[in-house]
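Here the structure is laid out as structure tokens; the discussion comes afterwards.
The values are calculated or read from the model by the stated rules, or taken from the named source; none is laboratory data. Remember, predicted model here, so these are calculated numbers, not experimental data. Virtual Cβ from ideal backbone geometry, glycine too; neighbours counted across all protein chains shown.
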Amino acid sequence: MKELLESALAEVSEVDLPNAQATEAFRIDWLGRKGRIKDLMAAFKEVPGPDKREIGPMLNALKQAVEEKVKSAQDHFNRAEAVEQSGEDFTRPSGAIPVGTHHPLSVVRREMVGIFQEMGFSVSEGPEIEDDWHVFSGLNFPPEHPARDMQDTFFVQRDPDLLLRTHTSSVQVREMEKRKPPMRIIMPGRVFRNEAISARAHCMFHQIEGLYIDEGVSFADLKQTLLHFAQRFFGPDARIRLRPSYFPFTEPSAEVDVYWGLKTEVDKRITKGTGWLEILGCGMVDPNVLEASGIDSTKYSGFAFGMGIERITMLRYGIGDLRAFFENDMRFLEQFSGER
């Protein structure tokens with residue numbers, strides 16, 4: 001009897017039930033009114049009393065194994081039948097798969113780059129860790145200029161100076177050193193300045209700078225280029241104005257404002273009641289900068305401009321706090337789920 005039960009248990013554990021019909025046949029063979037379990041129960045009655053304590057648990061284990069085998073197979077085939085009848089695939093992941101979004105800075109940067117590319121500008125990039133020449137000296141910054149001070153610049157090492165670039169103008173120097181005019185390039189990238197972090201300032205931000213050098217380039221070319229950009233980005237009715245300013249690497253230099261309007265109290269606040277909002281700085285490339293990079297300033301002239309992507313993005317979407325761009329708050333980023 002013991003050998004018979006051991007053999008039966010091994011047979012049950014190895015049996016394969018490929019479909020519902022095989023499962024039902026297996027159930028009848030073992031658990032039916034004339035099944036093998038019933039025959040074993042009858043044989044168990046003939047087991048001597050002292051041996052029943054050992055054989056009984058074995059018989060119960062066999063019956064339980066058969067019942068579990070049948071139930072498992074039935075559950076499987078019932079689920080498969082339900083799926084087939086419903087037309088649904090219940091094995092697929094449940095719930096919606098979250099879709100990522102483009103960061104608002106990336107959206108605006110791509111749009112700005114696209115506008116300038118349509119005007120014939122190519123894109124150039126450079127290292128974020130730079131030397132003094134490409135960030136300052138090659139751009140006509142005098143030795144005593146305050147931007148060189150530790151208060152404004154993150155230095156990686158001194159003597160020789162290595163620093164985190166404070167503007168993407170460093171790429172201009174690199175391009176002028178390795179190219180010959182004419183050149184028409186824009187330089188998007190991340191820059192760093194040692195400033196206190198607030199709603200209007202940050203120690204890290206993004207810029208797009210432009211450079212155009214050729215024979216006969218004039219200030220009128222600069223103004224028309226910037227007007228075209230403003231009308232493409234802010235709308236066909238956009239107006240700009242240029243105010244005299246100073247930069248070490250351009251002469252003459254100007255600040256560019258776009259007319260934002262005075263329709264709301266917010267407009268009045270952000271434009272300080274004037275309706276005009278500063279968006280970038282620009283000017284004609286200083287001859288000293290051209291000569292420092294090996295370009296003949298008597299033959300060639302050019303213009304340069306630079307603007308902060310964060311500032312333009314804040315205008316585009318009405319964002320009031322610069323810090324929101326760098327906090328990776330999903331609640332903030334999800335507001336731009338429709339942007340591509």
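Considered as a group, the residues in the stretch 154-173 that are among the charged types (D, E, K, R) and in contact with an Asp or Glu (Cβ under 9 Å, 6 or more places away or on another chain) include one that is surrounded by the fewest Cβ atoms within 10 Å (Cβ to Cβ), and that residue is Asp161.
Here is a check on your reading of the model: is Ala43 more than 16 Å from Gln74 (Cα to Cα), among the small types (Gly, Ala, Ser) and without any contact (Cβ under 8 Å) to a residue 24 or more places away in the chain? It is false that Ala43 is more than 16 Å from Gln74 (Cα to Cα), among the small types (Gly, Ala, Ser) and without any contact (Cβ under 8 Å) to a residue 24 or more places away in the chain. Only one entry in Ser218, Ser253, Ser245 is crowded, with 19+ Cβ neighbours inside 10 Å, of a type in the set (Ser, Thr, Tyr) and over 25 Å from the mean Cα position of the chain (by Cα), namely Ser253. Beta carbons closer than 8 Å, at least 6 apart along the sequence or on distinct chains, pair a first residue in the stretch 222-233 that is crowded, with 19+ Cβ neighbours inside 10 Å with a second that is in a helix (DSSP H, G or I) for Phe229/Met112; Phe229/Ile115; Phe229/Phe116. Only a single item in (1) part of a helix (DSSP H, G or I); (2) among the aliphatic types (A, V, I, L, M); (3) surrounded by 14 or more Cβ atoms within 10 Å (Cβ to Cβ) is not met by Val266, and it is number (3).
The strands (runs of 3 or more DSSP E) found entirely in the stretch 120-202 that carry 3 or more residues being under 29 Å from the mean Cα position of the chain (by Cα), at pLDDT 90 or above and closer than 20 Å to Tyr300 by Cα are 183-192. The set of residues in the stretch 1-59 that are among the polar types (S, T, N, Q) and either modelled with pLDDT under 80 or within 60 Å of the chain's Cα centre (by Cα) (or both) comprises Ser13, Asn19, Gln21, Thr23.
Of all residues in the stretch 271-327, those that are closer than 30 Å to Asp214 by Cα, part of a strand (DSSP E or B) and in contact (Cβ under 8 Å) with a residue 24 or more places away in the chain total 15.
Checking each residue in the stretch 25-57 for being more than 17 Å from Glu3 (Cα to Cα) and in a loop (DSSP other than H, G, I, E, B) picks out Gly32, Arg33, Lys34, Gly35. Quick check: is even one residue across the stretch 287-297 buried (at least 18 other Cβ atoms within 10 Å of the Cβ), among the aliphatic types (A, V, I, L, M) and in contact with a Phe, Trp or Tyr (Cβ under 7 Å, 6 or more places away or on another chain)? Yes, the stretch 287-297 contains a residue that is buried (at least 18 other Cβ atoms within 10 Å of the Cβ), among the aliphatic types (A, V, I, L, M) and in contact with a Phe, Trp or Tyr (Cβ under 7 Å, 6 or more places away or on another chain). Entry remark, the stretch 1-24: residues being closer than 14 Å to Glu67 by Cβ and either outside any helix (DSSP H, G or I) or β-branched (Val, Ile, Thr) (or both) number 4 in total. Residues of the stretch 58-68 that are among the aliphatic types (A, V, I, L, M) and closer than 14 Å to Lys2 by Cα: Met58, Leu59, Ala61, Leu62.
Please tell me if Gln207 is part of a strand (DSSP E or B), under 19 Å from Gly114 (Cα atoms) and of a type in the set (S, T, N, Q). Taking the combined requirement at face value, the residue satisfies it.
Taking residues in the stretch 65-80 that are under 23 Å from Arg92 (Cβ atoms), and partners anywhere that are of a type in the set (A, V, I, L, M) and in a helix (DSSP H, G or I), the pairs with Cβ atoms closer than 7 Å and at least 6 places apart or on different chains are Phe77/Ala20. Condition check: under 22 Å from Leu105 (Cβ atoms), over 20 Å from the mean Cα position of the chain (by Cα) and buried (at least 20 other Cβ atoms within 10 Å of the Cβ). Does Ile279 satisfy that? Answer is yes for this residue. Does Lys223 fit the bill of being in contact with a strand residue (DSSP E or B) (Cβ under 8 Å, 6 or more places away or on another chain), outside any strand (DSSP E or B) and not small (Gly, Ala, Ser)? In short, yes.
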